[in-house]
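Okay, structure first, notes after.
The values are calculated or read from the model by the stated rules, or taken from the named source; none is laboratory data. Computed from a predicted model, the values in this text were never measured in an experiment. Don't worry about glycine lacking a Cβ; one is built from the backbone with ideal geometry, like all the others, and counts go over all protein chains shown. Ligands, DNA and RNA are excluded from the accessible area calculation, which covers all protein heavy atoms including side chains. Shrake-Rupley method; radii C 1.70, N 1.55, O 1.52, S 1.80 Å.
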Amino acid sequence: MSRDEIRKMESMVVQACHYIDAVTGGISTPIQPSTTFARDREYQPIGDYSYSRSENPTYAVLEQVCAQLDGGAQARCFASGMAAITAVFETVNSGEHIVAPRIMYHGAQDWLRRISEKRAIGLSLFDASDPEDLQRAVQPGKTTLVWIETPVNPTWEIIDIAAAAAIAHQAGAMLAVDSTVAPPVTTRALDHGADIVFHSATKYYNGHSDVVAGILVTRELDQRWQEIKLVRQLAGAVLGPFEAWLLLRGMRTLFLRFERASTSALKIAQHFENHSGLEKVLYPGLQSHPGHQIAKRQMINGFGGMLSFMLKGDASKGRQLASRTNLFLPATSLGGVESLIEHRATVEGPHSVVPENLVRLSVGIENCDDLIADLEQALNQL
Ligand SMILES: Cc1ncc(COP(=O)(O)O)c(C=O)c1O
């Protein structure tokens, strides 16, 4: 997808989140709270809906916008990002094999370890910083799912989606991409060969830290997609009409928020790249980042608002920095209008493989100079 096509998506998302009500002319999508839908005198459904654990008119508007944004055949929204992720994992059978990055969103990896132990599903973790390692990890004929995340949270390595898709497909597996940190404002994973793209809509899609939600978009209406929809329906992991409406409201400003966060994050990364208190700044927008060339090709409209600082000195400094800022709020999560700072190893707990000296920043839409001054004063206190 070119930059020009992205610009068209920007207008589409603003317009599509509107909905002109045929009766009143109202321009906000109506919230349809009904759990059930009546039939007529011939006992035929009056509309397209039967029961809201399956489908609902308010989710349907959201799902259409999400499918269009990612250029997919269909989308489904879920009660959380994890509910969407586990619906994909649920399609893997005992005896099959999954490949995923060694460092990735820890909740998804915890779930992979759990199903691998309980259901005799093979699991291989690969090093996202080594492009050859994915090829070594797949087992042709046995691997049925390659799950990747790019940029990789919280070290922000870049995985080449097209290369990963070629490796997965050659082995007979599907490729699913967690693109939470790179929404379709900048990356359309399906265009690069992925079969399914996932977003924790709790993050950039909603953008206001007040809705927990997940989105899956598929390239094809294949057997696996039918199974995913069945899992949502039977496990009941639906979002709820009010949350779907809140997401539609948040998504109207998705492009504005993401572009602002990307511009500020790049400035912050460049400002602190050679800071004496830091060992390294991890951000794919920096020319020094090992994945910068792939990121330039894959993230065509900004490198996003996520970066990490690796601190010099003893490990406790990471925790100290995360509690010395005034504007950056010391809380977990990402992609909201407010900037957040967190000591990732503490948040992930004792099993974390994230270095102790790493502090993760989610850059919001505040004034960038104020954000830089806030980090300066916090670093000066260490
Ligand atoms: C990259 C990534 N993927 C998935 C998730 C899970 O999403 P949720 O918290 O909406 O269940 C998160 C949550 O932090 C995340 O950061």
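A few remarks follow.
- Flag if Leu62 is in a helix (DSSP H, G or I) and within 16 Å of the ligand (Cβ to nearest atom): yes
- In the stretch 234-268, of all residues being open to solvent by less than 30 Å² (accessible area, probe 1.4 Å) and touching a Gly at 6+ places or on another chain (Cβ under 6 Å), the one that is farthest from Cys77 (Cα to Cα) corresponds to Ala265.
- Check on Ala244, in contact with a Leu (Cβ under 9 Å, 6 or more places away or on another chain), within 16 Å of the ligand (Cβ to nearest atom), of a type in the set (Gly, Ala, Ser) and closer than 30 Å to Thr144 by Cβ: no
- Listed conditions (1) over 17 Å from Gly291 (Cβ atoms); (2) within 16 Å of the ligand (Cβ to nearest atom); (3) more than 10 Å from the chain's Cα centre (by Cα); (4) open to solvent by 10 Å² or more (accessible area, probe 1.4 Å) are all met by Ile196, apart from (4).
- A single member of Asp210, Asp191 is more than 12 Å from the chain's Cα centre (by Cα) and more than 15 Å from the ligand (Cβ to nearest atom), and it is Asp191.
- Total residues in the stretch 74-103, condition near the ligand (Cβ under 9 Å from one of its atoms), open to solvent by less than 10 Å² (accessible area, probe 1.4 Å) and under 13 Å from Asp178 (Cβ atoms): 3
- Of the strands (runs of 3 or more DSSP E) that lie entirely inside the stretch 277-359, those containing 1 or more residues that are surrounded by 15 or more Cβ atoms within 10 Å (Cβ to Cβ), touching an Asp or Glu at 6+ places or on another chain (Cβ under 7 Å) and of a type outside the set (Asp, Glu) span 278-282, 306-311.
- Residue-level check: of (1) out of contact with any strand residue (DSSP E or B) (no Cβ under 6 Å at 6 or more places or on another chain); (2) more than 12 Å from the ligand (Cβ to nearest atom); (3) touching a residue at least 40 places away in the same chain (Cβ under 8 Å); (4) of a type outside the set (Gly, Ala, Ser), Leu145 misses just (1).
- Residue match in the stretch 3-16 (condition: among the small types (Gly, Ala, Ser), outside any loop (DSSP other than H, G, I, E, B) and closer than 26 Å to Gly72 by Cα): yes
- Residue match in the stretch 26-36 (condition: buried (at least 21 other Cβ atoms within 10 Å of the Cβ), in a loop (DSSP other than H, G, I, E, B) and not β-branched (Val, Ile, Thr)): no
- Applying the criterion of at least 3 residues that are closer than 29 Å to Asn357 by Cα to the helices (runs of 4 or more DSSP H) found wholly in the stretch 89-208 leaves 106-119, 131-137.
- Filtered by the rule that a residue be in contact with a strand residue (DSSP E or B) (Cβ under 6 Å, 6 or more places away or on another chain) and away from the ligand (no atom under 16 Å from the Cβ), the stretch 176-188 gives no residues.
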